[in-house]
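Single-structure report; data block below.
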Amino acid sequence: MDEQEKALTGEIKMRKLKDFSDGNPTTRNILNVSSIFVGVLVWFLITLIPSINTFLASPQQVISALGQEVQAGRYFKDIWASLQRVLVGFIVALACAIPVSFLMGWYPKVRALIDPWIQFFRTIPPIALIPLVILAMGLSEMAKYTIIFIAVFLVSVVTIYQGIREVDKTLVKAAYTFGARDINIFLSVMIPAAFPFILVAARLGIATALTTLIASEMTGATYGLGARITSAQQFMNVSVVLLGIITIGIIGFILDRVLLFVEKKLTKWK
Amino acid sequence: MEKEKDKTVTQSKPLIRVKNVNKTYKVVGGNDVIALNDVSLDIYPNEFICVVGPSGCGKTTLLNIIAGLEPHDTGEVTIDEHPVIGPGPDRGVIFQQYALFPWMTVRKNIEFGMKFKKVWHDVMVVDKKTGETHMERRYEHMTPAEKHALADKYIKMVNLEGFENSFPKELSGGMKQRVAIARGYAVAPEVLLLDEPFGALDAQTRAQLQEDLLKTWETERKTCFFITHDVEEAVLLATRVVIMSARPGKVHEIVDIDLPYPRNQATKMEPHFLELKNKIWDTVYRMYLEVRK
Ligand SMILES: Nc1ncnc2c1ncn2[C@@H]1O[C@H](COP(=O)(O)OP(=O)(O)O)[C@@H](O)[C@H]1O
Ligand SMILES: [Mg+2]
């Protein structure tokens, strides 16, 4: 038997080359699930060590904290308060970011006027703005929306604007040769071409809104996951801190999946 | 479109006239590039002009100027004796990179080409007072039904029946370019400007599309201005081949291709074809050596 034959019969293994694919879906799902399972197991095991358990609550403690929070009627109020802040801040920010980034993409003069401000505020963490926002708006709900708004707005504008700049200029030229006017270029080419970037901005925006939630609720709140985490930390109640963190993570995961689903539905042509 | 076509090329007036055109690109922080230097060219109705020349000799620049996609510095560019001041549906452009809208199906892409076009309609008008009716000719946008029917016609012409609802990403390069060609024809421009349309395709697909384009041209005699870097392709398709030279971009020579139509891939074997091809190839290659010096 020559080498080639041995390779075909499996006697000699063919070299496996990297192809950077996701691999077998079943294997992937098994690995995903077992990774979570092992993670929780490790978490359970290390919290058996008392010195670790002082700052890291065990899974059972988090579950009983969940029971207490639900019993006390706080848990769902917290979730609702936070979700509302995240969604209001996020939606208003995205709704403002879309026209602003299109104006920047369309008019070089608007771009020249707005760009320096975007570049400046991008690098400032929203948490640094809290004192100013509190001074301006007190401890109101508006203060919380504002913090989330700023963070989501900046990230969305940058993403959508980048997308608009990357629109294939040949498509614009082609449309012009059919007799399109500027308004047609805007409505029929720029908006659909930039649409996928709006969806990317939405996903980044949701993640940003959630990561800014704790900062936004530092402006004083009775209910809210961020506020709960901050106050539990002051009482050294680590299980409630962990519960809050896990809850935010799960909400983020669900919202991201929803947006991913919408993206898949709306950009089948990609 | 239906009117009798004048198939005698020589006596008619030029459809497109390019006269003493100059174009220089200003390069920030570098030497300016003279892309076109005193270029003159008349394109007559029903001609098939092919432009060959070394890369960077200004072929695309010339096409863009005729298309109205780019301004020229000095000189005159007219279509039907009107100066070109911008792009318009009287000049269809077919790009090497297809330029299909990825979010539109094949049919939608072709119909989009006709979206801004106006045509004459005979409309029945009812007089409100007397109740009498009369016919009136109106210049207005095409109806959805008209666009649909024309799209059907050209989808058939490029053999893409069954792919009307496919998105561009589902098509091969050759199929995409066929969609672009169908879209170009459906707008019914006076001239088609094609910038290396088959440049990205493999040899077999290319030969196939050359034949398709020849067949279409032989029936419709739509004026074409076709850029290619393939001398053989130029000789196969053209009534005249324009040879451009580089640095600065100039019209070096215009060669009449007096091979009879219909032509096909077999034409490439004919002695006269080879003679013309070798002659043009020799000129182009010599210019290439010049540029390399
Ligand atoms: N936008 C531009 N800015 C500067 N130089 C350009 C630009 N477009 C083309 N050129 C230059 O002009 C010359 C002609 O370009 P082009 O018309 O694209 O040539 P071809 O299509 O024959 O290859 C080249 O030297 C090219 O580098
Ligand atoms: Mg070119």
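The values are calculated or read from the model by the stated rules, or taken from the named source; none is laboratory data. Please read these numbers as outputs of a predicted model, since none were measured by experiment. Using ideal geometry, Cβ is built from the backbone for each residue, glycine included, and neighbour counts are taken over all protein chains shown. These area figures cover heavy atoms from the full protein model, side chains too; ligands, DNA and RNA do not enter into them. Shrake-Rupley method; radii C 1.70, N 1.55, O 1.52, S 1.80 Å.
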For this session: Working carefully through the options B:Gly30, B:Gly92, B:Gly68, B:Gly88, find the one that is touching a strand residue (DSSP E or B) at 6+ places or on another chain (Cβ under 9 Å), within 16 Å of ligand 1 (Cβ to nearest atom) and of a type in the set (Gly, Ala, Ser).
Result: B:Gly68
Exercise. What number of residues within segment A:176-197 are in a helix (DSSP H, G or I), at the interface with chain B (Cβ under 8 Å from one of its Cβ atoms) and buried (at least 19 other Cβ atoms within 10 Å of the Cβ)?
Worked result: 5
Seminar exercise, completed: Reported set for segment B:165-214 where residues are surrounded by fewer than 21 Cβ atoms within 10 Å (Cβ to Cβ), hydroxyl-bearing (Ser, Thr, Tyr) and in a helix (DSSP H, G or I) is B:Thr205
For this session: Out of B:Lys156, B:Lys222, report the one residue that is in contact with a helix residue (DSSP H, G or I) (Cβ under 8 Å, 6 or more places away or on another chain) and away from ligand 1 (no atom under 16 Å from the Cβ).
Result: B:Lys222
Problem set entry | Members of segment B:46-77 that are out of contact with any helix residue (DSSP H, G or I) (no Cβ under 7 Å at 6 or more places or on another chain), open to solvent by less than 40 Å² (accessible area, probe 1.4 Å) and part of a loop (DSSP other than H, G, I, E, B) | B:Asn46, B:Glu47, B:Cys57, B:Gly58, B:Gly68
Seminar exercise, completed: For A:Val262, the lone unmet condition from (1) within 14 Å of chain B (Cβ to nearest Cβ); (2) surrounded by fewer than 17 Cβ atoms within 10 Å (Cβ to Cβ); (3) touching a residue at least 24 places away in the same chain (Cβ under 8 Å) is (1)
Exercise. What do you reckon, is B:Lys13 modelled with pLDDT of 90 or more and either surrounded by 10 or more Cβ atoms within 10 Å (Cβ to Cβ) or assigned to a strand (DSSP E or B) (or both)?
Worked result: no
For this session: Assess whether B:Val123 counts as being farther than 18 Å from B:Pro89 by Cβ, modelled with pLDDT under 95, among the hydrophobic types (A, V, I, L, M, F, W, C) and touching an Asp or Glu at 6+ places or on another chain (Cβ under 6 Å).
Result: yes
For this session: Would you tally the residues in segment A:238-259 being in contact (Cβ under 8 Å) with a residue 60 or more places away in the chain and either over 21 Å from the mean Cα position of the chain (by Cα) or closer than 23 Å to A:Gln68 by Cβ (or both)?
Result: 11
Exercise. Which one of B:His121, B:His148, B:His141, B:His134 is surrounded by 11 or more Cβ atoms within 10 Å (Cβ to Cβ), more than 14 Å from chain A (Cβ to nearest Cβ) and touching a strand residue (DSSP E or B) at 6+ places or on another chain (Cβ under 7 Å)?
Worked result: B:His121
Problem set entry | Qualifying position, being in contact (Cβ under 8 Å) with a residue 12 or more places away in the chain and touching a Ser or Thr at 6+ places or on another chain (Cβ under 8 Å), among B:Leu276, B:Leu259 | B:Leu259
For this session: Quick one: B:Leu100 ticks every box in (1) within 16 Å of ligand 2 (Cβ to nearest atom); (2) part of a loop (DSSP other than H, G, I, E, B) except a single one, so which number is it?
Result: (1)
For this session: Give segment B:38-80 a look and list any residue that's aliphatic (A, V, I, L, M), within 14 Å of chain A (Cβ to nearest Cβ) and within 16 Å of ligand 2 (Cβ to nearest atom), or say none.
Result: B:Leu63, B:Ile65, B:Ile66, B:Ala67, B:Leu69
Problem set entry | Condition broken by B:Phe225, with the remaining ones in (1) in a loop (DSSP other than H, G, I, E, B); (2) more than 21 Å from B:Glu111 (Cβ to Cβ); (3) modelled with pLDDT of 90 or more satisfied | (1)
Exercise. For segment B:17-36, does any single residue satisfy the condition of being open to solvent by 50 Å² or more (accessible area, probe 1.4 Å), of a type outside the set (S, T, N, Q) and within 15 Å of ligand 2 (Cβ to nearest atom)?
Worked result: yes
Exercise. Hey, does segment B:93-103 have a residue that's assigned by TED's automatic domain parsing to the domain that holds B:Phe225, on the phi > 0 side of the Ramachandran plot and in contact (Cβ under 8 Å) with a residue 12 or more places away in the chain?
Worked result: no
Exercise. In segment A:151-175, which residues are within 14 Å of another protein chain (Cβ to nearest Cβ), under 21 Å from A:Asp115 (Cβ atoms) and of a type outside the set (Val, Ile, Thr)?
Worked result: A:Gly163, A:Glu166, A:Lys169
For this session: Kindly list the number of the only condition in (1) free of Cβ contacts under 8 Å to residues at least 60 places away in the same chain; (2) out of contact with any Lys or Arg (no Cβ under 7 Å at 6 or more places or on another chain) that fails for B:Glu81.
Result: (1)
Exercise. Does A:Gly226 satisfy the condition of being in a helix (DSSP H, G or I), modelled with pLDDT of 95 or more and more than 14 Å from chain B (Cβ to nearest Cβ)?
Worked result: no
Exercise. Going by the structure shown, is B:Val106 surrounded by 20 or more Cβ atoms within 10 Å (Cβ to Cβ) and farther than 18 Å from A:Lys173 by Cα?
Worked result: yes
